[in-house]
Amino acid sequence: MRAPPGQLAAVGLFLLGGLFFVVLNVLAKALTPELGPVMVIWGRFLFHVVLTALIFPAAVVALARTAHPRVQLGRSVLLMLSTIFNFLALWHLPLADVSAIVFTAPLLVAALSVVVLKERVTALRWAAIVVGLLGALVIIRPTGGGLGVGALLAAGCALAYALYQVSTRLVREAEPIVSLLYAGLTGAVLFTLLLPLGWREPSPGQWLLLLILGSCGAVGHLMVILALQRLEASRLAPFTYVQLVWAILASLLVFGDVPGLATLGGATVIVGSGLFVWWLNQREARSARAAVAAGPGTP
């Protein structure tokens, strides 16, 4: 059966958003050795905020009227921390290795939902989470001459991004464009203040790449928001892992980094565990709908 056009559009937007994020990471990895992390992180957030404000000026006015200012600010801080850890990890490691470790974030979201959102997690789901994290350890190899500080930074990125996603659920009823603008706000303000400590004069070409980098962050998040407006998150979740495939290809084609067997094996375990958690979610949702349809008193 052919999917309805709205569903196909949602999947296309979601995949496009993931592609923008991969381009962002490629540019960050290329620019950080030349301009330093402060400049690159500043560009990522400044142009994210500027582009969002230019396209959606009404969101600037709506910033002060948000019903969840503390949660929005917390989300912004978490995204900033995730970006810092991610860009520093990319400074030390190939893109494929960093991306594989960061993709434990969906598993961490499932675990953190128990503490933050008081959701119930079954034994099977816990088993899948543990197996996925073991897949990350295969990549990190903590006792076998592994990836060192870069792997720890990538793990920090995964944790911060998982917390960012969980906190986003707390404001899912808020105006999405306001959330998009808030997401880049803390990083833009803080790294503008820190800019004198890490200023390096960019060339015209580097200015253009910084603009593209920040725009990729804003447009990537916007594509995901538009996709989620057309299709449930649970149905888009499996397509998240296509981004990992693109990251591995970009690592090979752009930087010439050939992923090792540990990276490929660990990434396979992480993706498999994530898809299994998604399948469990779908099965539980179907069971809940069936119970509601059956009505009270049905054995």
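Cβ-Cβ distances below 9 Å connect the following pairs, each with a first residue in region 256-284 that is touching a residue at least 60 places away in the same chain (Cβ under 8 Å) and in a loop (DSSP other than H, G, I, E, B), a second residue that is surrounded by fewer than 18 Cβ atoms within 10 Å (Cβ to Cβ) and of a type outside the set (F, W, Y), and a separation of six or more residues or different chains: P259/L252. Taking region 201-217 as the range and being surrounded by 12 or more Cβ atoms within 10 Å (Cβ to Cβ) and either farther than 12 Å from G43 by Cα or polar (S, T, N, Q) (or both) as the test, the residues that pass are Q206, S215.
Conditions (1) farther than 26 Å from D257 by Cβ; (2) in contact (Cβ under 8 Å) with a residue 60 or more places away in the chain, marked per residue:
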{"residue": "A30", "(1), (2)": "no, yes"}
{"residue": "G43", "(1), (2)": "no, yes"}
{"residue": "V50", "(1), (2)": "yes, yes"}
{"residue": "A53", "(1), (2)": "yes, yes"}
{"residue": "A64", "(1), (2)": "yes, no"}
{"residue": "R75", "(1), (2)": "yes, yes"}
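Remark: F47 falls outside the filter, which requires a residue to be among the aromatic types (F, W, Y) and under 23 Å from L252 (Cα atoms).
Quick one: would you say E232 is more than 19 Å from T83 (Cα to Cα), surrounded by fewer than 20 Cβ atoms within 10 Å (Cβ to Cβ), under 19 Å from the mean Cα position of the chain (by Cα) and not β-branched (V, I, T)? Criteria met by E232.
The lone criterion from (1) surrounded by 15 or more Cβ atoms within 10 Å (Cβ to Cβ); (2) modelled with pLDDT of 80 or more left unmet by V258 is number (1).
Highlighted here are the helices (runs of 4 or more DSSP H) found entirely within region 5-75 that include at least 3 residues which are modelled with pLDDT of 90 or more and buried (at least 16 other Cβ atoms within 10 Å of the Cβ): 5-35, 37-55.
Considering the conditions (1) buried (at least 22 other Cβ atoms within 10 Å of the Cβ); (2) not in a helix (DSSP H, G or I); (3) not polar (S, T, N, Q), L90 is excluded by exactly one of them, (2).
When R120 is tested against the conditions (1) modelled with pLDDT under 80; (2) in contact with a Gly (Cβ under 9 Å, 6 or more places away or on another chain); (3) more than 25 Å from F21 (Cβ to Cβ), the lone failure is (2).
The values are calculated or read from the model by the stated rules, or taken from the named source; none is laboratory data. Because the structure is predicted, anything quoted here is derived from the model rather than measured. Cβ sites come from the backbone with ideal geometry, for glycine too, and all protein chains shown count toward neighbours.
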